[in-house]
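The values are calculated or read from the model by the stated rules, or taken from the named source; none is laboratory data. Keep in mind that this is a model prediction, so the values were computed, not measured. Cβ: placed from backbone, ideal geometry, glycine included. Neighbour counts: every protein chain shown.
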Amino acid sequence: MARRSTKTTQPDDDYEERILDIDVVDEMQGSFLEYAYSVIYSRALPDARDGMKPVHRRIVYQMNEMGLRPDRGFVKCARVVGEVMGKLHPHGDASIYDALVRMAQPFSMRLPLVDGHGNFGSLGNDDPPAAMRYTECRMADATSLMTESIDEDTVDFAPNYDGQEREPVTLPAAYPNLLVNGASGIAVGMATNMPPHNLGEVIAAARHLIRHPNADLETLMRYVPGPDLPTGGRIVGLAGIKDAYATGRGSFRIRATVAVENVTARRKGLVVTELPFTVGPEKVVAKIKDLVGAKKLQGIADVKDLTDRAHGLRLVIEIKNGFVPEAVLEQLYKLTPMEESFGINNVALVDGQPLTLGLKELLEVYLDHRFDVVRRRSEFRRGKKRDRLHLVEGLLVALVDIDEVIRLIRSSENSAQAKERLMERFSLSETQTQYILDTPLRRLTKFDRIELESERDRLTGEIAELTRILESDAELRKLVSSELAAVAKKFGTDRRTVLLESAGAPVMTTALQVADDPCRVLLSSTGLLARTVTAEPFAGGGRRARHDVIVSEVAATQRGEVGAVTSAGRLLRLSVIDLPQLPDTAAAPTLSGGAQISEFLSLEPDETVVCLTTLADASPGLALGTRLGVVKRVVPDYPANKEELEVISLREGDRIVGAVELRTGDEDLVFITSEAQLLRFPAAQVRPQGRPAGGMAGVKLGADAEVISFTAVDPAADAVVFTVAGAGGTLDGAAGTSAKLTPFDQYPRKGRATGGVRCQRFLRGEDRLVLAWAGAAPALAAQKTGAPVELPERDPRRDGSGAPLSAPVAVVASAVV
């Protein structure tokens with residue numbers, strides 16, 4: 001084992017110790033300035049020429065060098081990141097991959113530069129991108145324009161971080177990338193924040209500036225009125241944009257795009273399809289939930305994020321009934337990220353120096369760069385064509401006297417002597433002579449000579465055209481303008497962001513809640529519920545849709561409650577504001593805008609709603625009639641803290657067949673039984689009872705008979721009785737069905753609990769009534785399909801037989817509700 005040396009190195013005799021005293025302030029200033037300049041120039045700020053930071057430029061250049069064209073296959077992002085990091089970018093892989101991901105996000109870039117395959121994140125970074133080992137990428141279609149003609153000496157190159165590679169100082173950039181895609185970055189002591197713009201608008205402004213170099217800002221803003229954000233939205237207020245275009249600094253506000261829609265049969269909602277730039281739906285949802293939980297935001301029932309890749313952003317905010325959606329939207333704009341401010345700070349590098357630039361300055365810097373790129377490209381191409389023309393002319397000289405050329409070559413001692421003799425004999429340059437010697441004999445045919453002459457003429461014309469461009473500034477500008485126009489035609493898209501001059505004062509201009517105005521609640525024969533905007537009953541048109549007849553109507557207020565009486569003897573509370581509102585039209589609107597009872601009430605399978613009633617204590621109360629002939633007047637005592645009340649104690653097998661809210665208490669109560677007996681007696685004969693009571697005897701029934709209709713009729717009104725006879729208790733179009741329409745005053749009053757009088761005589765094949773109704777004239781009848789049925793003429797005989805019907809009747813109601 002070798003021993004460790006303990007010998008101490010001694011300084012030489014001529015060694016002189018030198019200690020430098022450095023002011024710490026000066027050292028810190030110098031070091032900090034170097035660090036700040038490195039961050040500004042090498043990392044955080046974009047170049048005003050190609051609109052790219054070094055990391056973006058290196059990614060695009062390296063992808064171009066790797067041949068990742070749009071028509072090639074995808075490669076792993078990790079491979080691209082590794083190539084960029086190993087050859088050009090001496091920083092961590094995370095920063096490179098983050099920059100690559102952003103260039104592939106259509107919601108971050110107005111014209112994406114990377115075509116991504118896989119999960120590249122979501123709006124607002126709610127769903128972060130997958131790791132680079134999973135995602136794939138290649139150049140987007142527009143990216144080829146950034147590197148087009150980069151191998152034609154159009155831009156300067158510089159050594160990379162270790163001097164082993166070379167990278168472009170800037171890219172040729174065939175379109176104004178900085179304005180189109182914007183930029184953001186934080187340097188030391190300064191920052192940049194530039195919004196994206198519409199490609200077609202920016203190029204139109206650039207072309208106008210080419211034609212009119214002295215154009216003012218107002219003229220340019222006719223082409224570029226404002227930013228065009230990838231996520232759309234609405235920009236509110238244009239004054240800040242004009243300031244930013246003039247000075248390089250300004251701000252504007254972005255609002256989400258929202259529509260008020262019927263999201264369910266019961267509720268309206270706010271449907272958000274576009275959010276402010278960089279704001280994601282999860283951020284909005286979280287903020288709304290926090291505000292609702294803190295009771296700082298009212299009127300929100302639910303928030304659903306229905307966003308997907310197929311249909312894009314869709315955020316549904318359900319509004320509670322009783323709240324005005326437009327007023328809730330104003331609150332959302334004020335309190336949530338659905339309205340955000342964007343501060344413009346156009347700081348970019350110009351000749352290595354950070355400058356704050358307005359719209360015109362940004363366009364001028366880009367156009368100067370583009371003029372230089374096209375000029376250098378033209379010079380490069382002209383040089384290449386001149387070199388080729390030089391060779392072609394030499395070969396043509398040799399072809400004129402090919403025999404002499406061959407003789408000189410064959411008689412020469414070696415190739416060097418052959419070159420010298422050819423140069424001397426035909427006055428050729430060394431390059432031309434070497435090209436002749438290298439040309440195979442098969443190229444010396446007559447056809448090849450014709451081709452060479454054609455190529456010479458073509459090269460001469462192309463060189464002349466390039467020379468004309470290089471010698472004329474007007475031609476150069478014309479060429480740049482035409483190339484920009486071609487880019488706009490190929491890649492231009494419609495504007496996504498709407499520009500609004502002003503949105504008005506940011507204060508509540510609409511009442512938050514719906515006013516408690518009078519209205520009416522309607523129930524149709526098919527079980528639809530709705531409310532109207534008027535407190536007046538609809539007379540002369542009980543039919544509200546082709547398939548519907550109004551069977552119950554009650555006065556209410558928009559924010560009040562009504563009761564729904566069911567066949568099981570229950571009274572269920574209904575919030576009026578929860579019901580859909582029918583449009584306010586001159587004619588009676590259709591009830592097809594209503595919603596099914598099942599949307600609001602939980603009913604048993606064999607339970608139905610028989611009528612609507614108010615819950616006011618001043619009402620004369622409800623009158624109920626059951627299948628077994630029981631009648632009851634209910635005392636209007638409905639506790640406000642109970643959603644469900646029992647209004648009658650029913651015997652086993654009994655159910656309510658009819659219920660009506662009495663208006664005056666002077667009405668006549670009417671029972672009609674299946675054996676065609678009608679009993680009419682004053683409502684005053686029925687003593688009001690409390691809700692738990694079981695009622696009292698109403699009508700006397702025969703064997704196997706039951707009550708099929710119960711209602712209340714104003715004895716002073718013009719009323720009718722409509723009955724339909726059949727067999728077997730059904731009305732499904734059975735042969736022999738007959739109906740009768742009789743004036744109500746033909747039936748005398750009888751005492752309660754009696755059998756009443758006959759209302760229709762059965763014909764052969766008929767053994768019972770299958771449908772009966774009494775109410776104010778005129779009466780309306782309809783089939784199950786909704787088709788109207790013509791009723792027979794009035795028959796003054798109260799016990800006469802019926803007349804055949806043109807079609808089976810499913811429902812009857814009064815035209816005057």
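Residues considered: Glu420, Glu393, Glu404. Of these, the only one that is closer than 21 Å to Arg456 by Cα, among the acidic types (Asp, Glu) and part of a helix (DSSP H, G or I) is Glu393. Tallying residues that are modelled with pLDDT of 95 or more and outside any loop (DSSP other than H, G, I, E, B) within segment 122-144 yields 4.
Which members of segment 799-812 meet the condition of being surrounded by 15 or more Cβ atoms within 10 Å (Cβ to Cβ), of a type outside the set (Gly, Ala, Ser), touching a residue at least 60 places away in the same chain (Cβ under 8 Å) and under 30 Å from Pro748 (Cβ atoms)? Matches in segment 799-812: Leu805, Val809, Val811, Val812. Which residue pairs have Cβ atoms closer than 8 Å, lie 6 or more positions apart in sequence or on different chains, and pair a first residue in segment 741-754 that is among the small types (Gly, Ala, Ser) and modelled with pLDDT under 95 with a second residue that is part of a strand (DSSP E or B) and surrounded by 15 or more Cβ atoms within 10 Å (Cβ to Cβ)? Short answer, once both residue conditions are applied: Gly751/Phe681; Ala753/Met696.
For (1) under 18 Å from Pro196 (Cα atoms); (2) exposed (fewer than 14 other Cβ atoms within 10 Å of the Cβ); (3) over 38 Å from the mean Cα position of the chain (by Cα), each residue gets a yes or a no:
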position: Leu476; (1), (2), (3): no, no, yes
position: Ser481; (1), (2), (3): no, no, no
position: Ala486; (1), (2), (3): no, yes, no
position: Thr493; (1), (2), (3): yes, yes, no
position: Arg496; (1), (2), (3): yes, no, no
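Restricting segment 783-811 to residues that are farther than 13 Å from Val724 by Cβ and small (Gly, Ala, Ser), the residue that is modelled with the lowest pLDDT is Gly786. Considering only segment 361-378, I want to know if a residue exists there that is within 32 Å of the chain's Cα centre (by Cα) and either closer than 19 Å to Leu171 by Cα or modelled with pLDDT of 95 or more (or both). No, segment 361-378 has no match at all.
Here Asn119 meets the list (1) assigned to a loop (DSSP other than H, G, I, E, B); (2) over 29 Å from Asn345 (Cβ atoms); (3) more than 26 Å from the chain's Cα centre (by Cα) almost entirely, failing just condition (3). Of the strands (runs of 3 or more DSSP E) entirely within segment 666-781, those holding at least 1 residues that are hydroxyl-bearing (Ser, Thr, Tyr) and closer than 24 Å to Arg570 by Cα occupy 668-673, 707-713.
With the requirement that a residue be of a type in the set (D, E, K, R) and either within 18 Å of Pro112 (Cβ to Cβ) or in contact with an Asp or Glu (Cβ under 9 Å, 6 or more places away or on another chain) (or both), what does segment 194-228 give you? Across segment 194-228, the qualifying residues are Glu201, Asp228. Closer than 23 Å to Asp578 by Cα, more than 21 Å from the chain's Cα centre (by Cα) and surrounded by 13 or more Cβ atoms within 10 Å (Cβ to Cβ) - does that describe any residue in segment 332-347? No; the residues of segment 332-347 include none that is closer than 23 Å to Asp578 by Cα, more than 21 Å from the chain's Cα centre (by Cα) and surrounded by 13 or more Cβ atoms within 10 Å (Cβ to Cβ). Being in contact (Cβ under 8 Å) with a residue 24 or more places away in the chain, outside any strand (DSSP E or B) and not aliphatic (A, V, I, L, M) is a property that does not hold for Thr192.
The combined condition, being farther than 15 Å from His56 by Cβ and among the hydrophobic types (A, V, I, L, M, F, W, C), is fulfilled by Ala78.
For Phe371, the conditions (1) in a helix (DSSP H, G or I); (2) hydrophobic (A, V, I, L, M, F, W, C); (3) surrounded by fewer than 21 Cβ atoms within 10 Å (Cβ to Cβ); (4) in contact with a Lys or Arg (Cβ under 7 Å, 6 or more places away or on another chain) all hold with the exception of (4).
Scan segment 63-81 for residues that are under 17 Å from Ala130 (Cβ atoms) and either assigned to a strand (DSSP E or B) or not aliphatic (A, V, I, L, M) (or both) and the total you get is 5.
From the set of residues in segment 691-710 that are under 59 Å from the mean Cα position of the chain (by Cα) and at pLDDT 90 or above, which is surrounded by the most Cβ atoms within 10 Å (Cβ to Cβ)?
Phe710
Applying the criterion of being in a loop (DSSP other than H, G, I, E, B) and of a type in the set (A, V, I, L, M, F, W, C) to the residues of segment 145-178, the residue that is surrounded by the fewest Cβ atoms within 10 Å (Cβ to Cβ) is Val169.
Cβ separations smaller than 6 Å between residues 6+ apart or across chains give the following pairs from segment 380-393 residues that are over 13 Å from Ser429 (Cα atoms) to residues that are of a type outside the set (Val, Ile, Thr) and outside any helix (DSSP H, G or I): Phe380/Glu152; Phe380/Asp153.
Considering segment 545-610, the qualifying strands (runs of 3 or more DSSP E), each wholly inside and each with 2 or more residues that are among the hydroxyl-bearing types (Ser, Thr, Tyr) and at pLDDT 85 or above, run over 550-557. For segment 659-666, state whether one or more residues are of a type outside the set (Lys, Arg), in contact with a Cys (Cβ under 9 Å, 6 or more places away or on another chain) and farther than 13 Å from Val630 by Cα. Yes - at least one qualifying residue is present in segment 659-666. With respect to the conditions (1) within 30 Å of Met221 (Cβ to Cβ); (2) without any contact (Cβ under 8 Å) to a residue 40 or more places away in the chain, Leu306 lacks only one, and its number is (1). When restricted to residues that are buried (at least 18 other Cβ atoms within 10 Å of the Cβ), in contact (Cβ under 8 Å) with a residue 12 or more places away in the chain and over 20 Å from the mean Cα position of the chain (by Cα), segment 90-111 contains 7. Here Pro778 passes the criteria (1) farther than 16 Å from Ile672 by Cβ; (2) under 48 Å from the mean Cα position of the chain (by Cα) except the one numbered (2).
Residue by residue, here is whether (1) within 30 Å of His208 (Cβ to Cβ); (2) in contact with a helix residue (DSSP H, G or I) (Cβ under 8 Å, 6 or more places away or on another chain) holds:
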site	(1), (2)
Val284	no, no
Val303	no, yes
Ala310	no, no
Val316	no, no
Lys320	no, no
Gln331	no, no
Leu357	yes, yes
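Hey, could you check segment 611-634 for residues that are among the hydrophobic types (A, V, I, L, M, F, W, C), out of contact with any strand residue (DSSP E or B) (no Cβ under 6 Å at 6 or more places or on another chain) and outside any strand (DSSP E or B) and say which is modelled with the highest pLDDT? Residue satisfying both the conditions and the ranking: Leu628.
Hey, can you tell me all the residues within segment 192-247 that are small (Gly, Ala, Ser), touching a strand residue (DSSP E or B) at 6+ places or on another chain (Cβ under 9 Å) and more than 21 Å from Gly124 (Cα to Cα)? Answer for segment 192-247, where residues must be small (Gly, Ala, Ser), touching a strand residue (DSSP E or B) at 6+ places or on another chain (Cβ under 9 Å) and more than 21 Å from Gly124 (Cα to Cα): Gly226, Gly237, Ala239, Gly240, Ala244.
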